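Notes follow the structure.
The values are calculated or read from the model by the stated rules, or taken from the named source; none is laboratory data. This structure is a prediction, so every number in the text was calculated from the model and none was measured. All Cβ positions, glycine included, derive from the backbone under ideal geometry; neighbour counts span all protein chains shown. Please note that ligands, DNA and RNA were not included when accessible areas were found on the heavy atoms of the full protein model with its side chains. Shrake-Rupley method; radii C 1.70, N 1.55, O 1.52, S 1.80 Å.
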Amino acid sequence: MFAQLKPVATDPILGLMAAYRDDPNPLKVDLGVGVYKDEQGHTAVLKSVKEAEALRLKQENSKTYIGMAGDLGFNSHIEKLAFGASHQVLLANRVTSAHTPGGTGALRVAAEFIKRANPNATVWVTTPTWANHISLFQAAGLQVKEYSYYDYQTKGLQVEQMFADLAQIPAGDVVLVHACCHNPSGMDLTFEQWQRFTAIALERGFTPLVDMAYQGFGVGLAEDAAGLRYLADHVAEMILCSSCSKNFGLYRERIGAVSIVSADSQVMDIARVNLLSVVRSIYSMPPAHGAIIVAHILDSAELTALWHQELAEMRDRINSYRQLIIDKFAAEGISQDFSFIARQHGMFSFLGISKEQIERLKTEFSIYMVGSSRVSIAGLNHSNIDYFAKAVATVLKG
């Protein structure tokens, strides 16, 4: 049976990681992997996480299963973090959540939940989107189509074409929208565009699926969720997938959540039973460790304040490097306009350079980025940004 299997192409980002690891050049720069790095190029454990983890180890007295929905305290906190503690969907008991193995797990659970609710639903994703989005939904047997989003020429959004595409999507389909820090472009919807998106969702009757992997990495925790909260104010149903990988630095703990917003508490009860049935059929019970760490942080005013401070430091470092890239490019005599980098949010940006130039950066300078020219801003620091700017200037000048 196994002899019938066909080779599968290596994920391009995983391939980049391996090539970077094996590169002997001491000046090599990794701008491919989507993890936060500090000035030393290290993905450190947050102080708030260390303190919460110590508390967990001290208090833990059992390793029994925690149930299909996961840690209920975590679920409550993650709902309040996303929607706001006093949001009407929470007060009306319209939300049910399950904590999942990472944001990826949340998306896969959401896909199976959609398949159960409407087997014929098509999931619409932005052009471009996180590469794994498409395969996740297709693996659940759902059809995937794309709607216009990023404009590679203007380095902004294809606003009118995007809304024209959305206005053609039929009722019963699902539209995935990034809450903030769009991966891979870094270009987010404005609040006014969220309002237009919501109006079209109401008119057409499609179901929004909001992927929020970077809350707090854009402008702020509340600001990054403003569009999501407005949407939840108006639609009867929606799905939210959250991740704690970036904002809590819990990458390897694989902690996320899927939240289903229903029209009323009665429908929510039915949605919860189906959501847990989906969980049971995939992995049965989620891991506990990372979720309880997050719950400990958000249970404590002192640890929450420390986490807010650490999150702001990560966000501010990334945002400061956006302008620094522009300044360094200008200092190297690059005439091409890169001012769009400062208008983007989160860890990623498209540089908009050619595949040939990307290849030269890799082969001549050991600078690694995805073939689309997406770079992870967090991979830059004061020890490598001048080298990066000079290399880019060299390849742009031919």
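Mind checking the log10 I(q)/I(0) for segment 97-239 at q = 0.10, 0.14, 0.21 Å⁻¹? Debye, one equal scatterer per Cα, no solvent, two decimals.
Log10 I(q)/I(0), no solvent term: -0.30, -0.62, -1.54.
Whole-Hz ³J(HN,Hα) for each residue in segment 176-184, computed from phi via Karplus 6.51 cos²θ - 1.76 cosθ + 1.60 with θ = phi - 60°, x for glycine and proline: what do you get?
Each residue of segment 176-184 in turn: 7, 9, 7, 5, 6, 6, 3, 9, x Hz.
Identify which of D30, D165, D188 has the largest mean-square fluctuation in a Gaussian network model of the chain, with springs joining Cα atoms closer than 10 Å.
D165
Just to verify a number: FRET efficiency for A19 and K390, C-beta to C-beta distance, R0 = 25 Å, to 0.05?
The calculated FRET efficiency here is 0.70.
Could you compute how fast segment 1-146 diffuses translationally, taking Rh as the Kirkwood radius over C-alpha pairs and applying Stokes-Einstein at 4 °C with viscosity 1.567 mPa s? Give it in µm² per second.
Working: Rh = 19.8 Å.
The estimated diffusion coefficient comes to 65 µm²/s.
Under the rule a/c < 1.5 gives rounded, and otherwise a/b versus b/c splits prolate from oblate, where does the chain land using the Cα gyration tensor?
Prolate, because a/c is 1.5 or more and a/b exceeds b/c.
Considering only protein heavy atoms, what is the solvent-accessible area of T43 at a probe of 1.4 Å, reported in Å² to the nearest 10?
Estimated to the nearest 10 Å², T43 gives 50 Å².
Accessible area of K390, 1.4 Å probe, to the nearest 10 Å²?
Result for K390: roughly 110 Å² accessible.
Take W194, W130 and sort them by solvent-accessible surface of the protein heavy atoms, 1.4 Å probe, largest at the top. Mind dumping the intermediate values first?
Working: W194 10, W130 70 Å².
Order by accessible area, largest first: W130, W194.
Percent relative contact order of segment 52-145, based on C-alpha pairs within less than 8 angstrom and at least six residues apart?
Answer for segment 52-145 is 21 percent.
Counting each DSSP H run of 4 or more residues in the chain as -39500 (n - 2.57), what helix-only mean residue ellipticity at 222 nm follows after dividing by all residues, to the nearest 500 deg cm²/dmol?
-14500 deg cm²/dmol
Rank R280, R196 by accessible area, highest first, at a 1.4 Å probe radius?
Numbers: R280 135, R196 95 Å².
Listed by decreasing accessible area, they come as R280, R196.
Taking the full set of protein chains and a 1.4 angstrom probe, give the accessible area of V95 in square angstrom, rounded to the nearest 10.
The value for V95 is about 20 Å².
At most 15 other Cβ atoms within 10 Å and a DSSP loop assignment: could you name the chymotrypsin sites (Phe, Trp or Tyr not before Pro) in segment 25-98 that fit?
On the way: sites: Y36, Y65, F74, F83; in loops: Y36, Y65.
Passing both the DSSP loop test and the Cβ count: Y65.
What nm distance separates the two modelled labels at V45 and K6, each placed 7 Å from Cα along Cα→Cβ?
Calculated label separation equals 4.4 nm.
Relative to the longest principal Cα axis of the chain, at what angle does helix 355-365 sit, 0 to 90 degrees, rounded to 10?
Roughly 70 degrees between the two axes.
When the dipole is taken about the Cα centre of the chain, and only Lys, Arg (+1) and Asp, Glu (-1) are charged at their Cβ, what size is it in debye, to the nearest 20?
My answer is approximately 740 debye.
If contacts are Cα pairs under 8 angstrom and at least 6 residues apart, what is the relative contact order of the chain in percent?
About 26 percent, as a whole number.
Relative to the longest principal axis of the C-alpha atoms of the chain, give the angle of the C-alpha long axis of helix 385-396, reported between 0 and 90° and rounded to the nearest 10°.
70
With axes computed from alpha carbons, what is the tilt in degrees of helix 72-83 against the longest principal axis of the chain, rounded to the nearest 10 within 0 to 90?
Approximately 60 degrees, to the nearest 10.
Tell me, what is the per residue accessible area of the chain in Å², probe radius 1.4 Å? Don't jump to the answer; show the numbers that get you there.
Values: 17490 Å² over 398 residues.
Per residue, the chain has an accessible area of 44 Å².
State the extension gain, in nm to one decimal, for the chain segment bounded by R280 and A263, taking 0.36 nm per residue of separation less the distance between their alpha-carbons. Could you put the intermediate results ahead of the total?
Working: separation 17, 0.36 × 17 = 6.12 nm, distance 2.42 nm.
3.7 nm is the gain from fully extending R280 to A263.
Taking a threshold of 27 Å on the Cα-Cα distance, which of the pairs K50/K80; K37/K397; K37/K390; K155/K355; K145/K355 fall above it?
As for pairs spanning more than 27 Å Cα to Cα, those are K37/K397.
Kindly sort T154, T104, T96 by accessible area of their heavy atoms, largest first, with the probe set to 1.4 Å.
Sorted by accessible area, descending: T154, T104, T96.
Gaussian network model of the chain, Cα springs within a sub-10 Å range: biggest mean-square fluctuation belongs to which of V267, V235, V175?
V267
Ignoring ligands, DNA and RNA, please state the percent of accessible area on segment 317-377 from carbon and sulfur, probe 1.4 Å.
Accessible surface attributable to carbon and sulfur in segment 317-377 totals 51 percent.
If you roll a 1.4 angstrom probe over the protein chains with everything in place, what fraction of the accessible area of segment 8-68 belongs to carbon and sulfur, to the nearest %?
Here it works out to 59 percent.
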